[in-house]
Amino acid sequence: MYKVLVLLMMTPWFVSAQFSVLSESFDDYTIGDLVSTVGASNNWGLWTGLDAESCLVSGDEFVSELNSGYVVDDGTTSTRATWTWSEYLEGEYTFSANILVPEGSAGGFIGFHDSLGLEMPHSISLLGDSTMLFLDWEAFSYLEKNNITPGWHEIKVTFDLDNVTSEFVFDDVSVGVMATSFGTTYGFGGVEFGAYAYNPFTGQQPPGAYYIDDLNLVDELSTIGFETLNNSKLTVHPNPSYGSFTIDLGNTLVKNAELIITDMTGSVVYSNIISNTGSLLSIDTLLGSGMYILSVKDAEQYWSEKIIIK
């Protein structure tokens, strides 16, 4: 569920990287859980505040490990969950997810929002079990993917806020590029998963159902301007914690390294200069509950990981 920031591309002296800002695999939850409750620390929430209205954790279908999220309207529970983060007004960000629309489903709905859910420049309509429409609501134009076969498929949506474009990719093949108002009129700050099937031409259709797994939000333009000299991994124990934890740098020694903790808005909430003669460093903080990014860097090395404070 909680994954370290992922370094995908590296050169020996200057690192140009994609970073996973936020990710979700549903694997650390219990089947039947409401994601808005168990995943609140990973930025899950409810659309209207109703306890019954949340994505469910399911073990019926999954891509990785054991669980997925189940977005369903079965007449009793109507799920409509939100996954939000701090809004972005510049840069380039890709949202990706694996999606399974069960055979015979009426479909579903995915909306791309600002963090408060007040504006929705883009959305994906799942029409039945074989068609997806990616819509630009400002211009009311759309891209269409037909003849989808049963089974898991990966979708990606890249919002280039600097060049005001959006690209819809299905199973690694681009469906097309459109304009976006993210970055100009609105900030990109969240995704809504709804169980209803909304056809923009005919209105709301009968209740739908679909599964989601391996959600990821990637910052495509992150850069790190120093060399990573080894493959040592930073690990934090325990994680989650109540603010006191131990950092393990493996066999790597650091001297006068900068330790920084930032919240999900990018604000620095803790900083310190650290040195170690062994592999373990004990840290005590007074941070409030939530998700943070912990990074350690010296003149030649860099590590970063998500931490959860209860």
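What follows is calculated from the coordinates using simple rules that are stated; it is not laboratory data. Model, not experiment: these values are computed from the prediction. When we count neighbours, we look across all protein chains shown, and the Cβ atoms used for this are built from the backbone with ideal geometry, even at glycine.
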Taking the alpha-carbon centre of each part, the distance from region 201-224 to region 237-260 in Å is 33 Å
The FRET efficiency for residue 204 and residue 310, from their Cβ-Cβ distance with R0 = 41 Å and rounded to 0.05, is 0.55
Karplus-derived HN-Hα couplings along region 157-173 (A = 6.51, B = -1.76, C = 1.60, θ = phi - 60°), whole Hz, x at Gly and Pro = 10, 9, 9, 8, 6, 6, 9, 6, 10, 10, 10, 9, 10, 10, 6, 6, 10
What is the P(r) of the chain, as percent of Cα-Cα pairs per 10 Å bin from 0?
-> 6, 26, 32, 22, 11, 3, 0
Expressed in nm to one decimal, what extension gain is obtained for the pair residue 165 and residue 272 from 0.36 nm per residue of sequence separation less their Cα-Cα distance?
-> 34.6 nm
Taking the Cα centre of region 101-248 as origin, work out the dipole magnitude from +1 charges on Lys and Arg Cβ and -1 charges on Asp and Glu Cβ, in debye rounded to 20.
-> 260 debye
Under a point spin-label approximation (7 Å from Cα along Cα-to-Cβ), what is the residue 220-residue 115 distance to one decimal in nm?
-> 2.2 nm
Taking placed amide H atoms and a strict 5 Å upper bound, the residues 5 or more places from residue 254 or on another chain that come that close are 276
Hey, quick one: spin label on residue 185, modelled 7 Å out along Cα-Cβ, who in region 102-119 has an amide N within reach, i.e. under 19 Å?
-> 111-119
Other-chain or far-sequence residues with amide H under 5 Å of residue 73's (modelled H) | 79, 208
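Stokes-Einstein D for region 60-216 at 4 °C, 1.567 mPa s, Kirkwood Rh over Cα pairs, in µm²/s? Please report the intermediate quantities before stating the final value.
Numbers: Rh = 15.6 Å.
Reported coefficient: 83 µm²/s.
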With the dipole of the chain defined by +1 on each Lys or Arg Cβ and -1 on each Asp or Glu Cβ, the option from 196, 118, 72 whose Cα lies farthest towards the positive pole is 118
For residue 60 and residue 90 in the same chain, what is the full-extension length gain: residue separation times 0.36 nm, less their Cα-Cα distance, in nm?
-> 6.9 nm
How large is the charge dipole for region 16-219, taken about the Cα centre, if only the Cβ atoms of Lys, Arg (+1) and Asp, Glu (-1) carry charge, to the nearest 20 debye?
-> 400 debye
